[in-house]
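Asker: First the structure, then my questions, so here it is.
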2 protein chains.
Amino acid sequence: MKRNALKLNIKKIFIKHKMSDKHAEICSDYLIKSELVGASSHGLARLKMYCDRMKKKLINPKPKIRIKKISGSISYIDANNSIGFVAADIGIKKAIEHAKKTGIGLVGIKRSNHYGLSSFYAEQAVKKELMVWCFTNAPPALAPYGAKKALFGTNPICFGTPTGNKTPFILDMSTSIINRGKIRRAQKLGLKIPYGVAMDKSGKITTNANKAILGTQLPIADFKGSGLAWMIDILSGVLTGSSHGGKTRDPFDDFSGPQNMGHLFLTINPKIFIGKNYLKEIKKNIKLVKKLPKAKGFKDILYPGERKNLIYKKNIKRDIAVPSKILQEMKELNAI
Amino acid sequence: MKRNALKLNIKKIFIKHKMSDKHAEICSDYLIKSELVGASSHGLARLKMYCDRMKKKLINPKPKIRIKKISGSISYIDANNSIGFVAADIGIKKAIEHAKKTGIGLVGIKRSNHYGLSSFYAEQAVKKELMVWCFTNAPPALAPYGAKKALFGTNPICFGTPTGNKTPFILDMSTSIINRGKIRRAQKLGLKIPYGVAMDKSGKITTNANKAILGTQLPIADFKGSGLAWMIDILSGVLTGSSHGGKTRDPFDDFSGPQNMGHLFLTINPKIFIGKNYLKEIKKNIKLVKKLPKAKGFKDILYPGERKNLIYKKNIKRDIAVPSKILQEMKELNAI
């Protein structure tokens, strides 16, 4: 489907679910963007879920988002159970404002919901020539090191910096060994999953995708990944006064209440110490890495974000393929 | 050897190498601390190296450390080629001061040297009831994902937070799969190293410790660990105006110039959003994780920093065992 027509459709659906034109614009934009960077798991496939949660009053389509200014560098946002896209969009813009004025910005967001890809927000800060971290928690999927039950989300770390060229450096990584989407795909296609990435319900390593979905995923690098996921649970959940410790509801499966998710954005002006030389030095840094002798099977060394940018550039020229199941969902959502 | 006597000895050695009493006190304290937490690789084993570098004027024993205040939250420190302990000690105290006053603190340090364990500095901030990140770069040891030559250091991520109890949460992890010390030990004892943690010079995975030392170590979780190591190179090296991109000299092997290392400390008052409830919530968070059903082979789930704290508590009651080789080194250093 043509991108613009598709976006208009999605926007209409959100408006039918009582969203304002402005918020529907933000949300449809982010959903399309997910498709363009090849992250379909965060795109149209979630539209019905967001709408279902709005219908059941688990996401507030008309939130009164309150921003409390704590200092010239810090703000605290009560998202009033807004869809995550809208709360995070306001949040990152605030964090950008802070860093532009004072060199550093910190924005905590409480009472929010799933916000899509962290890189959406990181990119905005990087485009304004800032360094940025984005943290969010997520529903239980990961067993802490030493446990056999999931508690942490696949809690992503996202870090971005300007590079002095058009493609930003954006590291956006989950703390699980493989993405949940890969396990779901293996489940659908009847494939095995790699050894050592997930456990079944009883805590035994499994290569069976069905058992893995019912069990738990494993963090990267044992206690290191577990520690990172824990850190992110603290930063986005505990610090911001949001859900934490495994209490974040799964948006697809758990309709017993709102998610109460937390996000944390931290922005830094990278010119704060060495001025414009920052851009010169980061360019040099990337060049030094890229010209290293390549390992077997590698033609190029890419920095984080480059691959996603290549996918985006390819997809932006094409129509977006919408699976028939999702087209059907969209028809039904539009009919209410 | 009795701890106090040993510390006095080390202090004397530093003073003989032209350090001030105050700086020698700081350095001897950190070296002893490394031994107490079981990190001998960062303790007495490095004393001779620090002294050698001072003798060769590659570390300045009488640095004029300049602190430039950039805002109420940000300072920039020129360490004047100080030993890392002293520069970082001043830096973390500044970062604490900033966060206490404004809720957030950022301190960049340039022209420094190896500073021991990041957790030393994180602990100080946590004791003052702050959240903290410490970043430092390190000499090349790790191949970027896709390369067959080392460029990044084993660049540690260190994050700390108060827990509402006596043992702080301190995640202090290298971005390499195993520590370099483990490879050196395998080399000494003629043991094999695990498969998949290091490559030989030609870029082939090796289990031979000798070949691994000459080759490169691999990052945790492929491109994820490589991305994290890169992020830390940018934060501590590029941002602070220090060495980066594989230009940090190895303190043991490379006497062609100073290390020009960079450190970055970031502090946050965790009560900034939810007040004293932070301590209540973090306690709850830790409790929820700890009471999960345990995986096979685990009696307890420990949070980052707990294990090191247990070792410290055990060691603080004992004398410190000094290997004869190091005793000999100390005698020689004291004789100059």
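The values are calculated or read from the model by the stated rules, or taken from the named source; none is laboratory data. Here the structure is a predicted model, which means the values were calculated and not measured. Cβ sites come from the backbone with ideal geometry, for glycine too, and all protein chains shown count toward neighbours.
Asker: When you scan the stretch A:193-239, how many residues do you find that are away from chain B (no Cβ under 12 Å), among the polar types (S, T, N, Q) and not in a helix (DSSP H, G or I)?
Answerer: The total comes to 4.
Asker: Taking the stated definitions as given, is A:A141 away from chain B (no Cβ under 12 Å) and on the phi < 0 side of the Ramachandran plot? I'd like the intermediate steps shown before the answer.
Answerer: Values: away from chain B (no Cβ under 12 Å): yes; on the phi < 0 side of the Ramachandran plot: yes.
The answer is yes for A:A141.
Asker: Which of (1) surrounded by 23 or more Cβ atoms within 10 Å (Cβ to Cβ); (2) under 17 Å from A:I301 (Cβ atoms); (3) more than 21 Å from the chain's Cα centre (by Cα); (4) not charged (D, E, K, R) is the odd one out, the single condition B:G203 does not satisfy?
Answerer: Among (1) surrounded by 23 or more Cβ atoms within 10 Å (Cβ to Cβ); (2) under 17 Å from A:I301 (Cβ atoms); (3) more than 21 Å from the chain's Cα centre (by Cα); (4) not charged (D, E, K, R), the lone unmet condition for B:G203 is (1).
Asker: Go through the stretch B:70-123 and give me each residue that's of a type in the set (G, A, S), surrounded by 24 or more Cβ atoms within 10 Å (Cβ to Cβ) and without any contact (Cβ under 8 Å) to a residue 60 or more places away in the chain. Give the derivation first.
Answerer: Taking the stretch B:70-123 first, the residues of a type in the set (G, A, S) are B:71-73, B:75, B:79, B:82, B:84, B:87-88, B:91, B:95, B:99, B:103, B:105, B:108, B:112, B:116, B:118-119, B:122.
With the extra rule that they be surrounded by 24 or more Cβ atoms within 10 Å (Cβ to Cβ), the set shrinks to B:73, B:79, B:82, B:84, B:87-88, B:91, B:95, B:99, B:105, B:108, B:112, B:118-119, B:122.
B:S73, B:A79, B:S82, B:S118, B:A122, listed by residue number.
Asker: Moving on. With respect to A:F169, is the statement that it is under 14 Å from A:L218 (Cα atoms) and at pLDDT 95 or above true? Spell out how you get there, then give the answer.
Answerer: Details: under 14 Å from A:L218 (Cα atoms): no; at pLDDT 95 or above: yes.
Taking the combined requirement at face value, the residue does not satisfy it.
Asker: Return the residue satisfying two criteria in turn: it lies in the stretch A:287-301 and is surrounded by 12 or more Cβ atoms within 10 Å (Cβ to Cβ) and within 7 Å of chain B (Cβ to nearest Cβ), and of such residues it is farthest from the chain's Cα centre (by Cα).
Answerer: In this case the residue turns out to be A:P293.
Asker: So which residues in the stretch A:268-277 are crowded, with 19+ Cβ neighbours inside 10 Å and without any contact (Cβ under 8 Å) to a residue 24 or more places away in the chain? Steps first, answer last, please.
Answerer: Residues of the stretch A:268-277 that are crowded, with 19+ Cβ neighbours inside 10 Å, as a first pass: A:268-270, A:272-274.
Of everything in the stretch A:268-277, those that are crowded, with 19+ Cβ neighbours inside 10 Å and without any contact (Cβ under 8 Å) to a residue 24 or more places away in the chain turn out to be A:F273, A:I274.
Asker: I would also like to ask the following. Checking the conditions here, which among B:G262, B:G245 is out of contact with any Ser or Thr (no Cβ under 9 Å at 6 or more places or on another chain), at the interface with chain A (Cβ under 10 Å from one of its Cβ atoms), closer than 23 Å to B:G181 by Cα and at pLDDT 95 or above? Can you show your working first?
Answerer: Working: B:G262 fails: out of contact with any Ser or Thr (no Cβ under 9 Å at 6 or more places or on another chain).
That would be B:G245, the only listed residue that is out of contact with any Ser or Thr (no Cβ under 9 Å at 6 or more places or on another chain), at the interface with chain A (Cβ under 10 Å from one of its Cβ atoms), closer than 23 Å to B:G181 by Cα and at pLDDT 95 or above.
Asker: Being over 23 Å from A:R307 (Cβ atoms) and modelled with pLDDT under 95: is that true of B:I205 here?
Answerer: Numbers: over 23 Å from A:R307 (Cβ atoms): yes; modelled with pLDDT under 95: yes.
Yes.
Conditions tested, residue by residue: (1) within 30 Å of B:G305 (Cα to Cα); (2) basic (K, R).
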{"residue": "A:L214", "(1), (2)": "no, no"}
{"residue": "A:L218", "(1), (2)": "yes, no"}
{"residue": "A:I234", "(1), (2)": "yes, no"}
{"residue": "A:T240", "(1), (2)": "yes, no"}
{"residue": "A:L264", "(1), (2)": "yes, no"}
{"residue": "A:K271", "(1), (2)": "no, yes"}
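Asker: For the stretch B:20-117, which strands (runs of 3 or more DSSP E) that fit wholly inside it have 3 or more residues that are more than 20 Å from B:M330 (Cβ to Cβ) and at pLDDT below 95? Outline the logic, then answer.
Answerer: Numbers: elements: B:66-69, B:74-78, B:104-112.
In the stretch B:20-117, there are no strands (runs of 3 or more DSSP E) which contain 3 or more residues that are more than 20 Å from B:M330 (Cβ to Cβ) and at pLDDT below 95.
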